[in-house]
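Undergrad: This is the structure, below, for whatever I ask next.
Taken together, the values in this text are just the output of simple stated rules run on the coordinates, not laboratory data. All of these numbers come straight from a predicted model, not from anything done at the bench. Ideal geometry is used to build each Cβ from the backbone, glycine not excepted, and the neighbour counts take in all protein chains shown.
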Amino acid sequence: MTCEPVLEARYLGRFFSDRATQSERWIIKGLSFALHEGEFVTLVGPSGSGKSTLLNLLAQIDRPSAGEIRLHGEVISAPSRPGQSAGANGRIGYIMQDDNLLPWRTLRANVEYPLQIQGRLDASFRKRVDELIAAVGLNGFENHYPHELSGGMRKRASIIRTLAYDPPVILMDEPFGALDAESRLHIQEDLVRLWELGRKTILFVTHDITEAIALGDRTLTLTKSPACIRGEHLIDISRPRSVDSLVTEPNYPGIFSRIRAEV
């Protein structure tokens with residue numbers, strides 16, 4: 001890892017106006033953390049603690065009320081900074097809870113869509129799309145429409161759609177929550193395999209502590225709202241990891257208990 005963070009939040013805050021009380025309600029306040037190149041960091045926190053609000057700020061869908069966000073040392077978002085661009089002009093990918101596939105486009109066309117919008121859909125990127133489709137076992141389904149795919153297949157497509165345009169940072173907001181246990185396990189394995197191939201910097205939000213431990217190099221915990229970082233836990237369990245066998249790892253109970261005590 002490099003010394004300079006890839007993505008950094010410094011004393012980040014976001015409030016919304018409470019019409020009933022005519023006051024400011026802080027959702028996030030004084031929140032700071034850093035992600036380094038190639039890290040897979042998981043984030044857990046109490047329900048309603050502001051996890052999705054935080055990702056919206058990092059993705060520049062929303063603007064902070066306080067603090068700043070830096071990408072490779074450059075301030076990309078701050079209360080007084082004008083002209084911020086969602087996704088930092090393609091440098092930050094965002095995978096949400098829903099797959100958000102366009103129903104009138106085939107699987108391939110959905111995966112290619114961001115590249116088409118960016119004007120980058122050339123032969124090399126078409127080859128990359130082919131490789132990603134094959135990597136998650138979707139070859140043969142390229143010309144199927146979303147309604148013809150299972151939930152797990154749609155989720156795989158949404159993941160590789162983001163990977164296709166090659167952003168250095170990827171944010172993921174509880175992306176597997178709607179899947180059944182078996183599909184979730186397979187897609188977790190697919191995600192880790194894709195991450196190991198490309199070593200993107202990932203921030204993965206989940207409410208599942210076991211999932212956080214299975215996927216992450218580090219796990220960050222949030223306080224209740226107004227949220228700030230409560231704890232940081234190094235996941236010192238060797239890879240590859242599987243949710244099925246994780247409970248047999250000697251370090252697992254201690255890590256789980258420490259994280260659970262904070263959320």
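Undergrad: Only one of the values (i) 143; (ii) 133; (iii) 113 was calculated from this structure for volume of the Cα convex hull per residue in Å³; name its label.
TA: (i)
Undergrad: While we're here: Plugging the Kirkwood radius over Cα pairs into Stokes-Einstein for region 1-87, at a temperature of 37 °C and a viscosity of 0.692 mPa s, what D comes out in µm²/s?
TA: 239
Undergrad: Charges only on Cβ, +1 for Lys and Arg, -1 for Asp and Glu: so what's the dipole of the chain about the Cα centre, in debye to the nearest 20?
TA: I would put it at about 620 debye.
Undergrad: As a check on your grasp of the helix formula, calculate [θ] at 222 nm for the chain: sum -39500 (n - 2.57) over DSSP H runs of n ≥ 4, divide by the residue count, round to the nearest 500.
TA: So the calculated ellipticity at 222 nm is -10000 deg cm²/dmol.
Undergrad: Let me ask you something else. Just need the relative contact order of the chain here, percent rounded to a whole number, with Cα pairs under 8 Å and 6+ apart.
TA: Relative contact order of the chain: 26 percent.
Undergrad: Return the tail of the calculated pair distribution for region 1-48, meaning the percent of Cα-Cα pairs more than 13 Å apart.
TA: Tail fraction, whole percent: 68.
Undergrad: Give the long-range amide H neighbours of Leu43: residues separated by 5 or more places, or on another chain, with amide H under 5 Å away, using H modelled in the peptide plane at 1.01 Å from N.
TA: For Leu43, whose amide H was placed from the backbone, the distant partners under 5 Å are Phe204, Val205, Thr206, Leu220.
Undergrad: What size of dipole, in debye to the nearest 20, comes out for region 42-183 about its Cα centre when the only charges are +1 on Lys and Arg C-beta atoms and -1 on Asp and Glu C-beta atoms?
TA: Dipole about the Cα centre, nearest 20: 360 debye.
Undergrad: Right, another one. Along the charge dipole of region 153-225, Cβ charges K/R +1 and D/E -1, which of Ile213, Val169, Gln188 sits furthest on the positive end?
TA: Positive-most Cα among the choices belongs to Val169.
Undergrad: If you don't mind, there's one more thing I want to ask. Sorting check: for 244-257, 42-55, 223-236, which peptide has the highest mean count of neighbouring beta carbons within 10 Å, and how do the rest follow?
TA: Ranked by mean Cβ neighbours within 10 Å, highest first: 42-55, 223-236, 244-257.
Undergrad: When the Karplus curve 6.51 cos²θ - 1.76 cosθ + 1.60 is applied with θ = phi - 60°, which whole-Hz ³J(HN,Hα) does each residue of region 17-27 get, with x for Gly and Pro?
TA: For region 17-27, the Karplus-derived couplings read 6, 8, 5, 5, 9, 6, 10, 9, 10, 7, 8 Hz, x marking Gly and Pro.
Undergrad: Here's another thing I want to ask about it. Taking Lys51 as the anchor, which lysines have their alpha carbon closer than 25 Å to its alpha carbon, excluding any fewer than eight residues away along the same chain?
TA: Candidates past the 8-residue exclusion: Lys29, Lys155, Lys200, Lys224.
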